[in-house]
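Asks: Here it is, the structure in full.
The values are calculated or read from the model by the stated rules, or taken from the named source; none is laboratory data. Please read all numbers here as calculations on a predicted model, not as lab measurements. With ideal geometry, Cβ positions are generated from the backbone for all residues, glycine too; neighbour counts draw on all protein chains shown.
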Amino acid sequence: MFLGLDIGTSGVKAVLLSDAGSVHATATAPLPITRPERDWSEQQPGDWLAACDKAVLALPAEARRMVRGVGLAGQMHGATLLDDADQVLRPAILWNDGRSFAECSELEARVPDLRSLAGNIAMPGFTAPKLLWVQRHEPDIFERVGTILLPKDYVRLALTGDKASDMSDSAGTLWLDVGARAWSNRLLGACNLTQDQMPRLYEGAEATGQLRRTIAERWGMEAVPVVAGAGDNAAGAVGVGVTAEGDALLSLGTSGVIFVATADFRPNPARAIHAFCHALPDMWHQMSVHLSAASCIEWGLRATGSASPDAFLALAQRAGAGEGGELFLPYLSGERTPHNDPHVRGALLGIDHDTDPARIAAAVLEGVAFAHADGIAALREAGTRVEQLTVIGGGARSRYWGALLASALDVRLAYLEGSETGPALGAARLAMMGVTGASVGEICIRPPTEEVIAPDPRLAERLAPRLARFRAAYPALGSF
């Protein structure tokens with residue numbers, strides 16, 4: 001067996017992968033988020049460790065004894081600040097935190113060629129501007145920073161004692177020279193930091209250390225190797241075989257991502273497209289990123305009083321796509337692609353006397369689909385061809401939402417066996433590669449296709465004027 005751990009935003013997922021390549025067991029443990037002020041989003045690093053422990057111990061004990069390697073995946077960009085004794089200095093500032101908007105402009109002024117080096121616009125979600133914010137607003141904490149780790153890499157430190165990271169996750173800090181796959185002294189220096197405060201860099205399948213004996217004993221395992229792993233999106237891509245030039249996926253987790261694998265470094269920051277390292281050597285990827293996807297369903301559950309995500313999706317299907325006058329703008333935490341606007345907030349427009357929970361639910365699903373339509377348009381404008389997307393994440397379970405997305409994006413959606421497993425499966429595959437020495441082609445096999453949903457021309461025709469209204473509504477929100 002090979003264990004994959006995904007330290008997500010809403011929870012930790014653990015997956016056991018057999019040496020035959022099939023998922024043997026999964027388990028999850030929830031995580032809380034705190035938002036002490038507007039635009040803030042934080043978690044306690046200790047909660048990640050507790051959730052990992054809970055998820056792993058929920059896996060079958062007999063299978064745990066057969067684990068031969070561990071891989072880590074996780075939410076990107078989170079700033080976990082440690083002192084020289086590796087003690088946490090403050091709650092981690094997460095990827096969907098928008099407090100450091102002013103610092104982004106300052107960072108780009110300090111490094112005029114930042115976008116070509118880092119492959120991205122400086123956005124509040126990235127790690128670097130968070131540290132400028134800490135320096136300005138919490139100088140006593142900044143002076144004590146000995147190490148900065150991403151969320152999954154803080155878990156690694158607890159599990160192995162090693163300070164290490166992989167290329168894909170580190171590319172989301174704005175401190176990596178993404179083309180060269182190395183820390184940039186210029187980017188670090190612009191934040192008054194040095195490489196001594198950074199973890200060592202590895203490719204995704206390289207071993208960075210071994211499980212501590214105490215952890216291994218509690219989990220009922222041997223002290224097996226732990227590989228570098230990947231950021232959540234790159235790990236999700238490895239899990240479903242999106243590893244070659246032009247392969248693409250749609251991730252419907254807390255956030256939403258369209259991910260396209262590339263054989264070279266292709267930055268396109270003008271349209272807020274991300275360019276990062278892949279988890280595999282000599283591979284990169286482009287992404288459009290939407291800060292709210294399945295998190296909008298969580299909001300919708302509260303707004304409509306639905307008992308579960310499945311009940312909410314059924315409610316939306318009952319109302320039908322493109323039928324009501326309601327329009328939902330899903331900017332609950334701001335937006336990245338294509339707007340780069342951490343301050344915009346969501347809106348529900350066009351309500352009338354006949355608006356009911358079903359029509360609200362339908363509008364929520366349409367709004368997320370329209371945001372992704374903006375994202376795929378930005379990718380296409382940059383010359384990236386996208387004709388089919390493999391769907392992963394919790395949102396993958398709804399074929400009704402899939403039909404809506406396929407028609408709004410004008411793209412085929414492929415649903416694979418185990419597509420809901422997500423990044424944890426990719427982390428387990430990277431562990432399997434690292435331990436066995438097998439190649440990408442041997443391990444990262446595309447799972448069997450369960451279904452392909454093609455765009456529905458009639459539905460696309462009904463959605464087109466609503467998409468136009470959606471795009472017209474975003475500028476209007478600025479006045480609020």
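A quick yes/no check of all residues on (1) under 30 Å from Val344 (Cα atoms); (2) hydroxyl-bearing (Ser, Thr, Tyr):
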position: Thr34; (1), (2): yes, yes
position: Glu37; (1), (2): yes, no
position: Trp40; (1), (2): yes, no
position: Gly46; (1), (2): no, no
position: Ala51; (1), (2): no, no
position: Glu62; (1), (2): no, no
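Asks: Within the stretch 267-291, can you find the residues that are touching a residue at least 60 places away in the same chain (Cβ under 8 Å) and in a loop (DSSP other than H, G, I, E, B)?
Replies: Within the stretch 267-291, Pro267, Ala272, His278, Ala279, Leu280, Pro281, Leu291 meet the criteria.
Asks: Continuing with the same structure: Which of the residues belonging to the stretch 301-311 are assigned to a helix (DSSP H, G or I) and either hydroxyl-bearing (Ser, Thr, Tyr) or touching a Pro at 6+ places or on another chain (Cβ under 9 Å) (or both)?
Replies: Leu301, Ala303, Thr304
Asks: Only one of (1) in contact (Cβ under 8 Å) with a residue 24 or more places away in the chain; (2) farther than 19 Å from Arg336 by Cα; (3) surrounded by fewer than 24 Cβ atoms within 10 Å (Cβ to Cβ); (4) among the hydrophobic types (A, V, I, L, M, F, W, C) fails for Ala294. Which number is that?
Replies: (2)
Asks: Which condition number in (1) under 30 Å from Leu17 (Cβ atoms); (2) buried (at least 18 other Cβ atoms within 10 Å of the Cβ) is the one that Ala403 fails?
Replies: (1)
Asks: Can you say whether Arg458 is in contact with a Cys (Cβ under 8 Å, 6 or more places away or on another chain) and either among the small types (Gly, Ala, Ser) or modelled with pLDDT of 90 or more (or both), as far as the supplied structure shows?
Replies: So Arg458 fails the test.
Asks: Here's a follow-up. Just for the stretch 182-206: of the residues that are closer than 18 Å to Gly119 by Cβ and of a type in the set (S, T, N, Q), which one is surrounded by the fewest Cβ atoms within 10 Å (Cβ to Cβ)?
Replies: Of everything passing the filter in the stretch 182-206, Asn185 is surrounded by the fewest Cβ atoms within 10 Å (Cβ to Cβ).
Asks: Which residue, of Ala321, Ala303, is aliphatic (A, V, I, L, M), modelled with pLDDT under 90 and farther than 12 Å from Val368 by Cα?
Replies: From the options Ala321, Ala303, the qualifying one is Ala321.
Asks: Go through Ile141, Ile215 for me and flag whichever is surrounded by fewer than 18 Cβ atoms within 10 Å (Cβ to Cβ), of a type in the set (Val, Ile, Thr) and either under 22 Å from the mean Cα position of the chain (by Cα) or under 25 Å from Thr9 (Cβ atoms) (or both).
Replies: Ile141
Asks: Let me ask something else. What are the residue pairs meeting all of these: first residue in the stretch 25-39, first residue farther than 29 Å from Arg99 by Cβ, second residue hydroxyl-bearing (Ser, Thr, Tyr), Cβ atoms under 8 Å, and 6 or more apart or on different chains?
Replies: Taking only residues 6 or more apart or on different chains, the pairs are Thr26/Thr421.
Asks: Here's something else I'd like to know. Scan the stretch 155-177 residue by residue and report those that are touching a strand residue (DSSP E or B) at 6+ places or on another chain (Cβ under 9 Å), in contact (Cβ under 8 Å) with a residue 60 or more places away in the chain and over 18 Å from Ala205 (Cα atoms).
Replies: Passing the criteria: Gly172, Thr173, Leu176, Asp177.
Let's see how each residue does on (1) modelled with pLDDT of 95 or more; (2) aromatic (Phe, Trp, Tyr); (3) surrounded by fewer than 19 Cβ atoms within 10 Å (Cβ to Cβ); (4) within 22 Å of the chain's Cα centre (by Cα):
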| position | (1), (2), (3), (4) |
| --- | --- |
| Val391 | no, no, no, yes |
| Arg399 | no, no, yes, yes |
| Leu430 | yes, no, no, yes |
| Glu442 | no, no, yes, no |
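Asks: Another question about this same structure. So, in the stretch 214-254, how many residues would count as being under 23 Å from Val67 (Cα atoms) and not in a helix (DSSP H, G or I)?
Replies: Matching residues across the stretch 214-254 total 14.
Asks: Looking at Thr147, Thr80, Thr127, which is the one that is outside the structural domain of Ser292 (by TED's automatic domain parsing), under 29 Å from Leu379 (Cβ atoms), at pLDDT 95 or above and of a type in the set (S, T, N, Q)?
Replies: Thr127
Asks: Turning to a different aspect of this structure: So Glu461 clears everything in (1) buried (at least 17 other Cβ atoms within 10 Å of the Cβ); (2) free of Cβ contacts under 8 Å to residues at least 60 places away in the same chain except one condition, right? Which one?
Replies: For Glu461, the exception is condition (1).
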